[in-house]
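The values are calculated or read from the model by the stated rules, or taken from the named source; none is laboratory data. Everything numeric in this text was worked out from a predicted model, so none of it was measured. Here the Cβ positions follow ideal geometry from the backbone for every residue, glycine too, while neighbour counts run over all protein chains shown. Side chains included, ligands, DNA and RNA excluded: accessible areas come from the protein's heavy atoms. Shrake-Rupley method; radii C 1.70, N 1.55, O 1.52, S 1.80 Å.
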Amino acid sequence: PRRRSPHTEDGAGREADALPFLQAAADAGVLRPRVYLELARLRHAAFTAAFTEKQTVLTSFQTRDILGPLQALRKMSPPLPGSYELLTRTLSQSEITPGPEELAWIAEGAHLFPRRLPIVIAVAAFHVRYGTTETAHTFIEQGLALANDKVDRARLEQLADVLLKRIN
């Protein structure tokens, strides 16, 4: 019989079945970036599905468990925009405060995928909150040049306002 993909309608709900196979492939060091992205995505989904009223953020252990496959993926080709989207989502939900290394990693995503507005907005937001004013301004401007959607433009303008208040 033909195997069903967990990403199709007929394979819905079977993603958890893929986890041991993805983990085995990663442990074997396969050079398929998608394996590492899916492994990290499934871990993220499992951790966030277990959020409760008392736990609404990823712990440092959970964050590292998600970032591990993304770090391995970062060394592979081709880079995948989904990995940077998952990276920014994970860090924004984490109890860990990103340091210079993580800020450089997320900025790398905006440089590799300058037209992926969700990545650019996330990078701008991280730099407004944790990074340098100059870098934040650069990514806000980059995002505003791309934003056609009112919601995206409003988010970027809000970030610009926060940044301006910090400067003044």
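With every protein chain left in place, what is the accessible area per residue of the chain in square angstrom, probe 1.4 Å?
On the way: 10170 Å² over 168 residues.
Accessible area per residue: 61 Å².
Averaged across orientations, what area in nm² does the convex hull of the alpha carbons in the chain project?
Numbers: hull surface 47.8 nm².
Projected area, direction-averaged: 11.9 nm².
Pop out the carbon and sulfur fraction of the accessible area of the stretch 116-168 as a percent, whole number, probe 1.4 Å.
On the way: 1640 of 3200 Å².
The nonpolar share, carbon plus sulfur, comes to 51 percent.
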Applying a 10 Å radius around every beta-carbon, put 55-64, 79-88 in order of their mean neighbour count, most first. 79-88, 55-64
GNM top mover of 72, 122, 136 - the chain, alpha-carbon springs below 10 Å: 72
Could you pull out every one of the lysines with an alpha carbon less than 19 Å from that of residue 165, ignoring same-chain neighbours closer than 8 positions? none
GNM result for the chain, Cα springs below 10 Å: residue of 33, 118, 20 fluctuating most strongly: 20
